[in-house]
């Protein structure tokens, strides 16, 4: 049995756990704790180690989705999680510009740990105050060749689209490397 | 969709960068505890800026600019048949009091003077409403935002903020591919030109600072301005590709590398996820 891994990262309360829950075929293995810090009381519970979801591809292949802890005090987990990943998804809450700078930092750090293909999921696009994906691209200084995809993490089709776009980006990276090897 | 936020998280320079690059049209309202500014943009250019409580009628602008006298201003204000600034502007030009150039220059200076005040606002909220332009009857002068952004960056005094925005001086710079990012239309200081002359993917920002004998704060302020004005972008320095030690601040990003799996496996993942 071959197992593959994708990492779902992003700032605190961006919707990472929901993203995995929406697509995983098993109940997400959550490692959540009650929030104690006042400034982080946007939600009651947060991920302290990682969330864990699964998609069975066929009898010989399984894809695991690992969600990172959103709070920076647990970022010692990130390097371990990034080990051997196919690629990663940065989930950003499009309605909270106060988290954009942190999203950029997380993205840079993850990419430096493991420079694999990634996409940005502009989450909560169903909310009235959501920034448009192209505005997020400018705000987060995302290069033009990286996809910023509108997303609603509670909607399965939306989550599927983000996962597929990451897989297409992986194929594109393979194409580029093969083209370079020929030259 | 309205664009809302707080200046602490997304400052005026960054807002202008977004409006400029996205070529936005609409109304930007910035509010602090005791002031409110309203700015209008058309296709990424600033066309109007006004502060609550500020008299920004054309007659006041021309008087302030010394283009008309106090007496002329009084006469104009006393006339009730002039409906708006556009009508007044035409009347004044036809009467030979001012030229069209006088009006354009005065309105432009007034707009810039107003907008530069906003760079000192560090607390407050903003809201951008697309395609809303409450400027009927006003004379508008389109102003490129690149120069406004550069001037705003020159006024930055907080080194901590700059470090947050530009943490890594070991990155290099290259000019953007935007065809309308024309350096010749930008007004740069001598120091800024010196930095521009060294921009090349082979030179890191730190090296450019060393060549020009600049402090980290000075180089960050200039590069931040050039970045926000959309004139340059950060790139990994050519010939450098290394992974930083765990816990180190992010370094120059290497090129993405393919995962160690076969293409057919990725295709199987795609097929399965499509089916879900």
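The values are calculated or read from the model by the stated rules, or taken from the named source; none is laboratory data. If you're wondering where the values come from, they're calculated on a predicted model, not measured in any experiment. Every residue, glycine as well, gets a Cβ built from its backbone with ideal geometry; the counts of neighbours run over all protein chains shown.
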Name the residue, out of B:56, B:52, that is buried (at least 16 other Cβ atoms within 10 Å of the Cβ), away from every other protein chain (no Cβ under 14 Å) and in contact with a strand residue (DSSP E or B) (Cβ under 9 Å, 6 or more places away or on another chain).
-> B:56
Output the residues belonging to region B:76-113 that are surrounded by 20 or more Cβ atoms within 10 Å (Cβ to Cβ) and on the phi > 0 side of the Ramachandran plot.
-> none
Hey, among the residues in region B:173-195 that are at pLDDT 90 or above and in contact with a helix residue (DSSP H, G or I) (Cβ under 7 Å, 6 or more places away or on another chain), which one's nearest to residue B:45 (Cα to Cα)?
-> B:192
Listed by range, helices (runs of 4 or more DSSP H) wholly within region A:76-150 having at least 2 residues that are more than 14 Å from residue A:9 (Cα to Cα) and touching a strand residue (DSSP E or B) at 6+ places or on another chain (Cβ under 6 Å) are A:133-139
Any idea which residue in region B:36-48 is farthest from residue A:126 (Cα to Cα), counting only those that are surrounded by fewer than 21 Cβ atoms within 10 Å (Cβ to Cβ) and touching a helix residue (DSSP H, G or I) at 6+ places or on another chain (Cβ under 9 Å)?
-> B:47
Scanning region A:83-101 residue by residue, those under 12 Å from the mean Cα position of the chain (by Cα) and more than 10 Å from every other protein chain (Cβ to nearest Cβ) turn out to be A:88, A:89, A:90, A:91, A:92, A:93
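A quick yes/no check of all residues on (1) assigned to a strand (DSSP E or B); (2) more than 26 Å from residue B:263 (Cα to Cα); (3) modelled with pLDDT of 90 or more:
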residue: A:11; (1), (2), (3): no, yes, yes
residue: A:21; (1), (2), (3): no, yes, yes
residue: A:27; (1), (2), (3): no, yes, no
residue: A:43; (1), (2), (3): no, yes, no
residue: A:46; (1), (2), (3): yes, yes, no
residue: A:49; (1), (2), (3): no, yes, no
Looking at this structure, is residue B:18 closer than 28 Å to residue B:166 by Cα, more than 14 Å from chain A (Cβ to nearest Cβ) and within 14 Å of the chain's Cα centre (by Cα)?
-> no
Residues of region A:93-107 satisfying the condition of being farther than 25 Å from residue B:266 by Cβ and out of contact with any helix residue (DSSP H, G or I) (no Cβ under 8 Å at 6 or more places or on another chain) | A:95, A:96, A:98, A:99, A:103, A:104, A:105
Filter the helices (runs of 4 or more DSSP H) completely within region B:26-127 down to those with at least 3 residues that are under 17 Å from residue B:141 (Cα atoms), over 17 Å from the mean Cα position of the chain (by Cα) and touching a residue at least 12 places away in the same chain (Cβ under 8 Å).
-> B:58-64, B:85-94, B:100-118
